[in-house]
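> This structure is in structure tokens; I'll ask about it shortly.
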Amino acid sequence: MSDPPDFQSLPTPIQRAAAGFRTAGWAGFWVQVVLAVVATIILLFAATSRTVASTSPGSGFGVLFAICGLVALYVSIFWTFRYTRLSKQLQTPDPALRPRKADTVELLRMGVMINLIGLLLIILGAQAIVGALLAKSLSQVQGLGALDPSRQIQSLDIFVVQANTHTITAHFAGLVTSLWLLNRLSR
């Protein structure tokens, strides 16, 4: 991506802000997209598996919160993409067309809130899933697990935990992106 010809005529703080929004926006966007796609595929695979249906901690509140956290992640991805568009708006030569600093800070604060809400949802989901896995593991009697497969921890159970971990990491990346830009903007 090349800079517009008038980019050099912009004030230095505006140039730095535009470059920061472009770089951090794209980095945060792609990290979140990759992790969201992987988590979505894992959750879809686990949800459509017949063996997970009613005996797995992947059902119930855990998966509900995991899906809500994933939806919040997709909102965060959209919001992070907006940072790249904001970079282009900051590069306009006409100061009247540039977003105000207060509006930019508010956009970043909203990005922080989206990721914090997503983190809350996905952490609640992870707690429910891990709690159910713990209950399952504690209810296993040595040697009798082979007789009752519903009491065994299955690999799909771990897939659901992995999907949650990916979603937590993606929300963390979005949070770091927003906070880094907010810190850079307030200098």
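> Short version: ³J(HN,Hα) in whole Hz for each residue of the range 21-38, in order, from phi by Karplus 6.51 cos²θ - 1.76 cosθ + 1.60 (θ = phi - 60°), x for Gly and Pro, what are they?
5, 5, 5, 5, x, 5, 5, x, 4, 5, 4, 5, 4, 4, 5, 5, 5, 4
> Work out from phi, with θ = phi - 60° and the Karplus expression 6.51 cos²θ - 1.76 cosθ + 1.60, the ³J(HN,Hα) of each residue of the range 83-89, listed in order in whole Hz, and give x for Gly and Pro.
Along the range 83-89, the couplings run 4, 5, 6, 5, 4, 5, 5 Hz.
We did not get these values from a lab; they are worked out from the coordinates using the rules stated. Because the structure is predicted, anything quoted here is derived from the model rather than measured.
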